[in-house]
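The values are calculated or read from the model by the stated rules, or taken from the named source; none is laboratory data. All of these numbers come straight from a predicted model, not from anything done at the bench. Ideal geometry is used to build each Cβ from the backbone, glycine not excepted, and the neighbour counts take in all protein chains shown. We work out accessible area using only protein heavy atoms, side chains counted, and drop any ligands, DNA or RNA first. Shrake-Rupley method; radii C 1.70, N 1.55, O 1.52, S 1.80 Å.
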Amino acid sequence: MKNISRERLTSLTQREQERFVKDRPKSKALFERAGKSLLGGVPMNWMLKWAGAFPPFVREAQGAHFYDIDGNRYIDFCLGDTGAMTGHSPFSVVKALEEQLRRGITLMLPSEDAVWVGEELQTRFGLPFWQFALTATDANRFAIRLARQITGRSKILVFNWCYHGTVDETLITLDKDGSAKARHGNIGPPVDPTVTTKVVEFNDVDALKQALDPSDVACVLAEPVMTNVGIVHPQPGFHEALRRLTREYATLLIIDETHTICAGPGGYTRSHELEPDFVVFGKPIGSGVPGAAYGFTARVAELVREKQSIEDCDTGGIGGTLAANALSLAAIRTTLTKVLTKDAFDRMIPLAQRWTDGVQKAITEFGLPWHVSQLGCRAEYLFSATPPKNGGEAHDAMDFPLERFLHLYAMNRGILLTPFHNMALMSPQTDSSDVDHHSRVFREGVKELLG
């Protein structure tokens, strides 16, 4: 296995940074202008994490590609970190939005689209009752609140290095000695997260059982496959044990499919026949129009109704003025009908396999201690020889300077990867030539790194 010279990595990164700036004078000028009105020169702080000296400012996007304001064309494998997994501006969704805009945007009244979407989500995920939010973060928050109300318990349990948006209770991690603490970078937590949350490693059934044993956990909130720290698959029997233990300790199970919807039309839940109490689905559900949904079992619905007060239903911490608005529901209905279909997944998933094969070929050719993993139409590489079993192992395999070089190298050659890790996502409009271009660029970048 070959080692990478840090001195060479630094030199190559500097070279690529100079090329990035030289090729994007208009983005540079707009970034400098933005610094006078936007904190850090960006409208949302995550946008600072792009590998370039500044983010490319976008002119237009369509399908699997976009142009920046300097005229550079990119193959988009980030796709808004799953929010645009549908491809940018699908024609059918744009048409539905144009029609709905003329009929009304938000009324705080239901539309027929809401009923249709609820029925479709029943079919896809196998859960009978649904509610809507604007983001998956909100949907997760609402599900947690319902779980606490139903069980009378205050704590939740998550897995180390999980991702559930900006839910306060989930910004917690395990220290090297196994103790829980606020995640590094957790901004202004309202309370010490150990007050509200228990955290164990994914795939660790013994630790899960020990954490649930005091019977004080309202719910386990989990991605069925970890995605935001690299792809971490469940080991054989893990989901069966998770469901058995949560039932044994009367703890509700929330499965967050916001990223793992890449596994198929009904996410990992349907493709692997999971039996959660709640499912959360957001990001691509409206083709980039803000929207999310959370569904639950008939038993959960019955328990919610028992405690429901019409007088207080608008002040209980669940819902929102713009949630389930007519425009979002029109986008969601068309996305589910015409974009995120079985046929689309049947095209996207083989492309992710092709991307995986291309990366693996270069890893093998150069004898690198890296690996590449796939989940449905999602794939990514990680800087460890073997796939991690949990979030702690995946996090320890990350290499920020190396990651940023490879992302910057790709951007300079017309490829955008997710800035938070080495993830690529296929859209219905992605084609084999897009994937093959990445394979060539990835190989060239690795070859340069090794000199």
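Of all the strands (runs of 3 or more DSSP E) wholly in region 88-184, which have at least 3 residues that are in contact with a strand residue (DSSP E or B) (Cβ under 6 Å, 6 or more places away or on another chain)? Filter on region 88-184 gives 129-133, 155-159.
Is at least one residue of region 187-197 of a type in the set (D, E) and within 25 Å of F383 (Cβ to Cβ)? No, region 187-197 has no match at all. If you filter region 419-451 down to residues that are assigned to a loop (DSSP other than H, G, I, E, B) and at pLDDT 95 or above, you find that the one that is surrounded by the fewest Cβ atoms within 10 Å (Cβ to Cβ) is D431. I want to confirm something. Restricting to region 203-223 and keeping residues that are among the β-branched types (V, I, T) and either in a helix (DSSP H, G or I) or over 21 Å from T269 (Cα atoms) (or both), which single residue is most open to solvent (accessible area, probe 1.4 Å)? Within region 203-223, the match that is most open to solvent (accessible area, probe 1.4 Å) is V205.
Kindly indicate whether R378 is touching a residue at least 24 places away in the same chain (Cβ under 8 Å), open to solvent by less than 20 Å² (accessible area, probe 1.4 Å) and under 22 Å from F77 (Cβ atoms).
In short, yes.
When E60 is tested against (1) charged (D, E, K, R); (2) under 24 Å from F281 (Cβ atoms); (3) part of a strand (DSSP E or B), only condition (2) is not met.
Among the residues of region 1-27, just one is acidic (D, E) and farther than 30 Å from E365 by Cα, namely D23.
For region 32-78, which positions are touching a Leu at 6+ places or on another chain (Cβ under 9 Å), surrounded by 14 or more Cβ atoms within 10 Å (Cβ to Cβ) and more than 14 Å from I415 (Cα to Cα)? Once the filter is applied, which keeps residues that are touching a Leu at 6+ places or on another chain (Cβ under 9 Å), surrounded by 14 or more Cβ atoms within 10 Å (Cβ to Cβ) and more than 14 Å from I415 (Cα to Cα), region 32-78 yields G41, V42, F54, F57, I69. Just one of (1) over 23 Å from the mean Cα position of the chain (by Cα); (2) among the small types (G, A, S); (3) under 21 Å from T258 (Cα atoms) fails for A330. It is (1).
Rundown of residues vs (1) in contact (Cβ under 8 Å) with a residue 24 or more places away in the chain; (2) open to solvent by less than 80 Å² (accessible area, probe 1.4 Å); (3) of a type outside the set (A, V, I, L, M); (4) part of a helix (DSSP H, G or I), yes/no style:
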{"site": "C262", "(1), (2), (3), (4)": "yes, yes, yes, yes"}
{"site": "P265", "(1), (2), (3), (4)": "yes, yes, yes, no"}
{"site": "T269", "(1), (2), (3), (4)": "yes, yes, yes, yes"}
{"site": "V280", "(1), (2), (3), (4)": "yes, yes, no, no"}
{"site": "P284", "(1), (2), (3), (4)": "yes, yes, yes, yes"}
{"site": "E306", "(1), (2), (3), (4)": "no, no, yes, yes"}
{"site": "C313", "(1), (2), (3), (4)": "no, yes, yes, no"}
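Given (1) out of contact with any Ser or Thr (no Cβ under 8 Å at 6 or more places or on another chain); (2) within 23 Å of L375 (Cβ to Cβ), identify the lone condition not met by V199. Tallying (1) out of contact with any Ser or Thr (no Cβ under 8 Å at 6 or more places or on another chain); (2) within 23 Å of L375 (Cβ to Cβ), V199 fails exactly one: (1). Among the residues of region 28-43, none qualifies, meaning not one is closer than 30 Å to T364 by Cβ and either touching a residue at least 24 places away in the same chain (Cβ under 8 Å) or not β-branched (V, I, T) (or both).
Matching residues to (1) without any contact (Cβ under 8 Å) to a residue 60 or more places away in the chain; (2) touching a His at 6+ places or on another chain (Cβ under 6 Å); (3) surrounded by fewer than 24 Cβ atoms within 10 Å (Cβ to Cβ); (4) assigned to a helix (DSSP H, G or I):
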| position | (1), (2), (3), (4) |
| --- | --- |
| V372 | yes, no, yes, no |
| S384 | yes, no, yes, no |
| P388 | no, no, no, no |
| G392 | no, no, yes, yes |
| H395 | no, no, yes, yes |
| P401 | no, no, yes, yes |
| A410 | yes, no, no, yes |
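Report, by residue number, each residue of region 224-240 that is closer than 15 Å to T269 by Cα, open to solvent by less than 40 Å² (accessible area, probe 1.4 Å), within 21 Å of the chain's Cα centre (by Cα) and not β-branched (V, I, T). Of everything in region 224-240, those that are closer than 15 Å to T269 by Cα, open to solvent by less than 40 Å² (accessible area, probe 1.4 Å), within 21 Å of the chain's Cα centre (by Cα) and not β-branched (V, I, T) turn out to be P224, M226, P234, H239.
Would you be able to say whether some residue in region 83-103 is open to solvent by less than 30 Å² (accessible area, probe 1.4 Å), under 23 Å from A344 (Cα atoms), basic (K, R) and at pLDDT 95 or above? No, the conditions are met nowhere in region 83-103.
Regarding region 79-97, can at least one residue be identified that is among the β-branched types (V, I, T), within 30 Å of G451 (Cα to Cα), in contact (Cβ under 8 Å) with a residue 12 or more places away in the chain and out of contact with any Gly (no Cβ under 6 Å at 6 or more places or on another chain)? No, region 79-97 contains no residue that is among the β-branched types (V, I, T), within 30 Å of G451 (Cα to Cα), in contact (Cβ under 8 Å) with a residue 12 or more places away in the chain and out of contact with any Gly (no Cβ under 6 Å at 6 or more places or on another chain). Taken over region 242-254, the criterion of being open to solvent by 10 Å² or more (accessible area, probe 1.4 Å) and assigned to a helix (DSSP H, G or I) is satisfied by R243, R244, R247, E248.
Here the condition is being of a type in the set (A, V, I, L, M) and more than 19 Å from A394 (Cα to Cα); of V217, V199, V205, it holds for V217 alone.
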